[in-house]
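Asker: Sharing a structure, written as structure tokens. Questions coming.
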Amino acid sequence: MAIEQAFRFSSLLLAASAFTGLVLAHAVPLWLAVLTGIILSLTLLQTAGVMAHRIIAAETMVRSVIWNLVLIAAFIGFILDLFLISRELLPAGIHFLVILLTIKLASLRERRDFRHLYAISLMAILASAALTTDVWYVPIFLLYLLAAVWTLLLYHLTDNARQADTSRAAVALSHRITSRFFWLTNGIALTTFGLTLLIFFIMPRVGTGWVQKSQNAGLRATGFSDRVDLGTIGSIKQDPSIVMRVELPDQATDRHEALYLRGTAYNYYDGRAWNSNPVYRRSLAMSTEGTFVVRSGGIRSYGHSSLPLRQDILLEALDTSVLFAAPIAESISGEFPAVQADTMGGLHLPFPSTSRIRYSVTSQPRQMTPDEQSAPVLDYPEAIRRHYLQVPKISDQVGELAQDIVRKATGPYEKALAIQEHLTQNYRYSLEVETSTIEHPVEDFLFVRKTGYCEHYATAMVILLRSVGIPARLVTGFLATEWNEYGGYYTVRQQDAHAWVEVFFPRSGWITMDPTPTVGTSMPGSRGEILRRLGESFRLYWDRLFVRYSAADQLTLVYGIRQSSDILRDHISTMFSSFLSPLTRLIATLTPNAQASQQGALWFLGGVALFGLVVLATLIWRNTQWKAAAQNAGARHHRAIVGLYVQMRRVAEREGITRSVSTTPKEFVQQVHHRCVTAGPSAAGFIELYCRVRFGRHLLTQQEFAQATEYANSFRRILRTS
């Protein structure tokens, strides 16, 4: 490929990679993406020489005045988009940027047009970086970086050639990309990428910039506002969108039991919806270690507790300010400006976050004390009785049913277990229940339909408990059941939204009870499912090691460099192990009889690396051999064609065609043509190849050398028979 053509190709590849980043970030409307793709494809066809004449003819019809008018129209469209359509700077600016890219691709002729194209591409790749934190950005950035290195080098070469005289410029621009130049340029690109990584880990982190997602970009989360209508959670039970990923760093990695992630609690039910009454939030105090200490309102329990449970949570951007945690949260830490707690132990941010949040929570699971499990009567505080024994105006059948269920129970705890068991065993779980038009949904669930989903079960249990004098409240959150064995974390989706019950006991505190029947969820073990979970685990590590790489991580790394190489080696080893652990678990899954999956993973990576080195060495060796063979063949052809030329001159002299020492090969052809017209074409064809070898340093191919030999033999035959 000629240098000029390679320069245009690299410039278009630079623009295409930046444009692809915006498309994958879902920042470009479909019509604009299609239009830009068509223009980019036509420009590539023109560069490749396909339909070049038609495209150039079309371009000449569009004068610069027309392009200026199109540019003005695009700017007017940007103003309208900013104030009337998108009404936000970022999407309107991206739309305008893509339109500028389209215009520049359609009018790419002068050198300044290429410089404009590079500036637009740089803004586009920066915008796509601000719009996403997904791992797909890595290959897009690598492609952009590779194209940028090629483009800058080729721009410099072609610019120098154009500044030279016309003949030298034509020769320089017609030169082709050699193998040495190809590998040298790619080596520079890889070195540049390495320096980019080094700068990323060394330079200070920059806070929120002007290129950010809008406030309403969060995933819609239902069931966590101050009021929840009965039936709202069921509307999202079919949505597989990922809400959060939860790691348990202090627990065994083979954990599979369900994990309750508490969101919001409700104490007042009006017969159709739940409310938090009264609603009061207060800011939590921060300790010296940067951790917010949770001091839940109301009664704080000091009953028998198990070991603390620490959770590292990566929460997606939601349209709610609720922070989720296993009950009962004791402390929370993260990069928060402030954290608030409501009167029922719920955690909130001051406002919904517009980006992913990573935070850590330490919870203290509550368990029943032995004396309260068997106590026949419990004395509840007045504040608890006032807020958690409210029952709306409902049918007397509900109270009669509650008394009938707990008739054989001897204490509050046994009554709670009896109500839970009754709901679990006598009702059917189903999402195909419409409650928005039902006047009394609880009575309808208990006595008519006898089918429903978690909200119906939890609401019914709370009402039945309160009917027999046991304080209880409804809680909404998520029930995590999907364990990713390759990443060692729970994947929590929208469809995992759940409602359950918290029952109050004076010494034990609020105890979690779930009356909803267990719904069997088969976890597919196909290879596709394995690859999907493996990919999700890599996305989690990508966010941890790159997206959320903080100033504290930088200080740790710099301290390791200054103090000891061992600390640095451990830091790098931890990062490598994070990426290696999913592969280790994958090998352990595919080979369950393996005793050392870690060693197997290392052997696998080592084998891949060794194979890559062998392939690379083979390619280099074969390339060297091909070069040597080509040089040897070229040298032989050079000597041979010079010998053929000497033989042709001798034959011509015997036939009376004499030449002096100053006669050039072209003049020799003219002499042959005057002496014998029929021998002229053979002589001209041979001399053309001879001059290319003798003066142009051209290496003849095997076919060209055979053609030159045929010209020489034909020349001798014609002269001898003339």
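Asker: Kindly establish whether Ile332 is buried (at least 18 other Cβ atoms within 10 Å of the Cβ) and touching a residue at least 12 places away in the same chain (Cβ under 8 Å). Show your work before the answer.
Answerer: On the way: buried (at least 18 other Cβ atoms within 10 Å of the Cβ): yes; touching a residue at least 12 places away in the same chain (Cβ under 8 Å): yes.
For Ile332, the condition - buried (at least 18 other Cβ atoms within 10 Å of the Cβ) and touching a residue at least 12 places away in the same chain (Cβ under 8 Å) - is met.
Asker: For Thr512, state whether it is surrounded by fewer than 22 Cβ atoms within 10 Å (Cβ to Cβ) and touching an Asp or Glu at 6+ places or on another chain (Cβ under 7 Å). Before you say what the answer is, go through the steps one by one.
Answerer: On the way: surrounded by fewer than 22 Cβ atoms within 10 Å (Cβ to Cβ): yes; touching an Asp or Glu at 6+ places or on another chain (Cβ under 7 Å): yes.
Spelling it out, Thr512 is indeed surrounded by fewer than 22 Cβ atoms within 10 Å (Cβ to Cβ) and touching an Asp or Glu at 6+ places or on another chain (Cβ under 7 Å).
Asker: Quick check on this structure: which one of Phe114, Phe96 is in contact with a helix residue (DSSP H, G or I) (Cβ under 7 Å, 6 or more places away or on another chain), more than 18 Å from Val28 (Cβ to Cβ) and at pLDDT 85 or above? Lay out the reasoning, then the answer.
Answerer: Values: Phe96 fails: more than 18 Å from Val28 (Cβ to Cβ).
One residue alone meets the criteria, Phe114.
Asker: Another question, then. Mind listing whichever residues of the range 488-509 are surrounded by fewer than 24 Cβ atoms within 10 Å (Cβ to Cβ) and of a type in the set (Gly, Ala, Ser)?
Answerer: Gly488, Ser508
Asker: Could you check Pro337 against (1) touching a residue at least 24 places away in the same chain (Cβ under 8 Å); (2) farther than 21 Å from His498 by Cα and say which number it fails?
Answerer: Just one mismatch for Pro337, condition (1).
Asker: Now a separate question. State the number of residues belonging to the range 666-683 that are crowded, with 18+ Cβ neighbours inside 10 Å and closer than 20 Å to Gln707 by Cα.
Answerer: Residues meeting the conditions: 7.
Asker: Taking the stated definitions as given, is Arg310 in contact (Cβ under 8 Å) with a residue 40 or more places away in the chain and in contact with a Leu (Cβ under 8 Å, 6 or more places away or on another chain)? Can you show your working first?
Answerer: Numbers: in contact (Cβ under 8 Å) with a residue 40 or more places away in the chain: yes; in contact with a Leu (Cβ under 8 Å, 6 or more places away or on another chain): yes.
For Arg310, the condition - in contact (Cβ under 8 Å) with a residue 40 or more places away in the chain and in contact with a Leu (Cβ under 8 Å, 6 or more places away or on another chain) - is met.
Asker: Looking only at residues that are assigned to a strand (DSSP E or B) and of a type in the set (Asp, Glu) in the range 323-343, which one is farthest from Tyr413 (Cα to Cα)? Give the derivation first.
Answerer: Residues of the range 323-343 that are assigned to a strand (DSSP E or B), as a first pass: 323, 325, 329-334, 340-342.
Cutting the leftovers down to of a type in the set (Asp, Glu) gives us 330, 342.
Numbers: Glu330: 25, Asp342: 27 Å.
Here the answer is Asp342.
Asker: Looking only at residues that are surrounded by 15 or more Cβ atoms within 10 Å (Cβ to Cβ), farther than 17 Å from Leu24 by Cβ and not acidic (Asp, Glu) in the range 74-93, which one is modelled with the lowest pLDDT?
Answerer: Ser86
Asker: Further question on the same structure: Residues being assigned to a loop (DSSP other than H, G, I, E, B) and within 41 Å of the chain's Cα centre (by Cα): count how many of those fall in the range 442-485. I'd like the intermediate steps shown before the answer.
Answerer: Within the range 442-485, the subset assigned to a loop (DSSP other than H, G, I, E, B) is 450, 453, 468-471, 481, 485.
After this cut, where a residue has to be within 41 Å of the chain's Cα centre (by Cα) as well, the list is 453, 481, 485.
So the answer is 3.
Asker: Taking Leu131, is it modelled with pLDDT of 85 or more, under 31 Å from the mean Cα position of the chain (by Cα), within 26 Å of Leu71 (Cα to Cα) and surrounded by 18 or more Cβ atoms within 10 Å (Cβ to Cβ)? Give the steps one after another, and end with the answer.
Answerer: Details: modelled with pLDDT of 85 or more: no; under 31 Å from the mean Cα position of the chain (by Cα): yes; within 26 Å of Leu71 (Cα to Cα): yes; surrounded by 18 or more Cβ atoms within 10 Å (Cβ to Cβ): yes.
In short, no.
A quick yes/no check of all residues on (1) touching a Ser or Thr at 6+ places or on another chain (Cβ under 7 Å); (2) on the phi < 0 side of the Ramachandran plot; (3) surrounded by 19 or more Cβ atoms within 10 Å (Cβ to Cβ); (4) among the polar types (S, T, N, Q):
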{"residue": "Gln340", "(1), (2), (3), (4)": "yes, yes, no, yes"}
{"residue": "Ser363", "(1), (2), (3), (4)": "no, yes, yes, yes"}
{"residue": "Gln367", "(1), (2), (3), (4)": "yes, yes, no, yes"}
{"residue": "Ser374", "(1), (2), (3), (4)": "no, yes, no, yes"}
{"residue": "Leu389", "(1), (2), (3), (4)": "no, yes, no, no"}
{"residue": "Glu400", "(1), (2), (3), (4)": "no, yes, no, no"}
{"residue": "Gln403", "(1), (2), (3), (4)": "no, yes, no, yes"}
{"residue": "Ala409", "(1), (2), (3), (4)": "no, yes, no, no"}
{"residue": "Lys415", "(1), (2), (3), (4)": "no, yes, yes, no"}
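Asker: On to the next question. Just one of the numbered conditions (1) at pLDDT below 85; (2) in contact with a helix residue (DSSP H, G or I) (Cβ under 6 Å, 6 or more places away or on another chain); (3) among the small types (Gly, Ala, Ser) is not true of Gly49; which one?
Answerer: That leaves (2) as the condition not met.
Asker: Among all residue pairs at least 6 apart or on different chains, which show Cβ distances below 6 Å where the first residue, located in the range 441-457, is surrounded by 24 or more Cβ atoms within 10 Å (Cβ to Cβ) and the second is in a helix (DSSP H, G or I) and among the β-branched types (Val, Ile, Thr)?
Answerer: Correct list of pairs: Val442/Thr459; Val442/Ile463; Glu455/Ile233.
Residues are listed down the side, and each one gets a yes or a no for (1) touching a Pro at 6+ places or on another chain (Cβ under 8 Å); (2) without any contact (Cβ under 8 Å) to a residue 40 or more places away in the chain:
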residue: Ile328; (1), (2): yes, no
residue: Ser353; (1), (2): no, no
residue: Tyr359; (1), (2): no, no
residue: Pro381; (1), (2): yes, no
residue: Val391; (1), (2): no, no
residue: Asp396; (1), (2): no, yes
residue: Glu421; (1), (2): no, yes
residue: Tyr427; (1), (2): yes, no
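Listed here are the residues, each with its yes/no results for (1) modelled with pLDDT of 90 or more; (2) under 23 Å from Leu465 (Cα atoms); (3) assigned to a loop (DSSP other than H, G, I, E, B).
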| residue | (1), (2), (3) |
| --- | --- |
| Ser225 | no, no, yes |
| Gly231 | no, yes, yes |
| Gln238 | no, no, yes |
| Arg245 | yes, no, no |
| Gln251 | no, no, yes |
| Arg255 | no, no, yes |
| Tyr260 | yes, yes, no |
| Gly263 | yes, yes, no |
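The values are calculated or read from the model by the stated rules, or taken from the named source; none is laboratory data. Quick caveat, the model's predicted, so the values are computed rather than measured. Positions of Cβ are generated from backbone atoms using ideal geometry, with glycine treated the same way; all protein chains shown enter the neighbour counts.
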